[in-house]
Each structure stands twice: as C-alpha cells, then as structure tokens.
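Engineer: The structure's right below; bear with me while I get my questions together.
The values are calculated or read from the model by the stated rules, or taken from the named source; none is laboratory data. Bear in mind that the values here come from a model prediction, so they are computed numbers and not experimental data. A quick note on method: Cβ atoms are made from the backbone with ideal geometry, for glycine too, and the neighbour counts reach across all protein chains shown. When the accessible area is computed, the model is the full protein with side chains, heavy atoms only, and any ligands, DNA or RNA have been set aside. Shrake-Rupley method; radii C 1.70, N 1.55, O 1.52, S 1.80 Å.
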Amino acid sequence: QVHFVESGGGLVHPGGSLRLSCAASKTTFGVYDMGWYRQAPGKQRELVATIEVGGTTNYLDAVKGRFTASRDNAENTAYLEMASLKPEDTAIYHCNTAPGASFPWGYGTQVTVSS
C-alpha cells in the first residue's frame with residue numbers, strides 16, 4: 001500500500017495562487033503515473049491533472065493554462081501549482097495514481113476560492 005498526504009490548501013481570493021503538495025509513503029512512488037483529483041460539494045470527484053513517470057502532463061480543459069503538475073521522484077512528492085484561481089476551483093484536492101486510483105484516498109487538502 002502507498003499512502004498519500006496532501007497539503008498546501010487554503011482560502012484565497014479569486015485570481016490568487018496556491019501550491020499543493022502530495023507526499024507518498026513509499027519510495028516506489030516513482031513507478032506510478034500520478035493524478036490530482038478534486039471533489040466539490042455535491043459533485044463527483046474529477047481528475048484535473050496527471051503527471052506520468054517521465055513527466056508528461058495532461059489537464060482537464062477547465063484548468064489548462066492555470067494549473068501545473070510536477071513531481072520530484074527522489075522526494076516521493078508530487079506538486080500542483082494553481083494560478084488564476086476561480087471560485088469554481090473550490091474543492092477538496094487529493095492525489096493518487098492515475099488514471100485510476102490504486103491506493104486508499106488521503107484526507108486531501110481544502111482549497112477555497114472566495115472574495
């Protein structure tokens with residue numbers, strides 16, 4: 001099993017930025033394609049960004065040009081840089097393998113975008 005701990009969320013104004021981190025519990029992190037998921041109240045969880053082992057990234061259309069996924073395999077950590085945040089980005093953000101989540105979900109980190 002691999003466990004994930006997400007951090008870096010918070011309350012920001014529209015247009016603001018945040019950097020989320022996802023720390024994995026095992027050094028085998030580097031063999032998995034990773035994804036950032038989010039779940040807003042009353043909505044299903046959606047995959048917003050993926051980063052493959054080799055660094056190739058893909059994004060949900062709604063976040064393209066605003067979010068940037070990266071990873072540091074030596075540190076077993078994935079990152080999500082979020083800029084130009086909008087109220088509709090408000091959600092709990094999780095990381096897990098992608099495109100399908102293979103391991104238990106962590107607690108996630110809350111991102112709230114509000115004026």
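Engineer: Using the Kirkwood formula on the Cα atoms of the chain, what hydrodynamic radius do you get, in angstrom to one decimal?
Structural biologist: Hydrodynamic radius (Kirkwood, Cα only) of the chain equals 13.9 Å.
Engineer: Now a separate question. Give the accessible surface of the chain per residue, rounded to a whole number of Å², with probe radius 1.4 Å and ligands, DNA and RNA excluded.
Structural biologist: 52
Engineer: Shifting gears a bit: Report the label-to-label distance for GLU81 and TYR107 in nanometres (one decimal), using points 7 Å from each Cα along the Cα→Cβ vector.
Structural biologist: About 2.8 nm separates the two model spin labels.
Engineer: Can you grab the distance from the C-alpha centre of the range 1-68 to the C-alpha centre of the range 71-93, Å, no decimals?
Structural biologist: Going from one Cα centre to the other spans 5 Å.
Engineer: Would you work out which of ASN96, LEU85, PHE4 lies farthest towards the positive end of the dipole of the chain? Charges go on Cβ: Lys and Arg +1, Asp and Glu -1.
Structural biologist: After comparing all options, I get LEU85.
Engineer: Right, here's the next one. At a 1.4 Å probe radius, carbon and sulfur cover how many percent of the accessible area of the range 48-115?
Structural biologist: 48
Engineer: With contacts defined as alpha carbon pairs under 8 Å and 6 or more residues apart, what's the relative contact order of the chain in percent?
Structural biologist: Result for the chain is 38 percent.
Engineer: With contacts defined as alpha carbon pairs under 8 Å and 6 or more residues apart, what's the relative contact order of the range 1-65 in percent?
Structural biologist: Relative contact order, the range 1-65: 22 percent.
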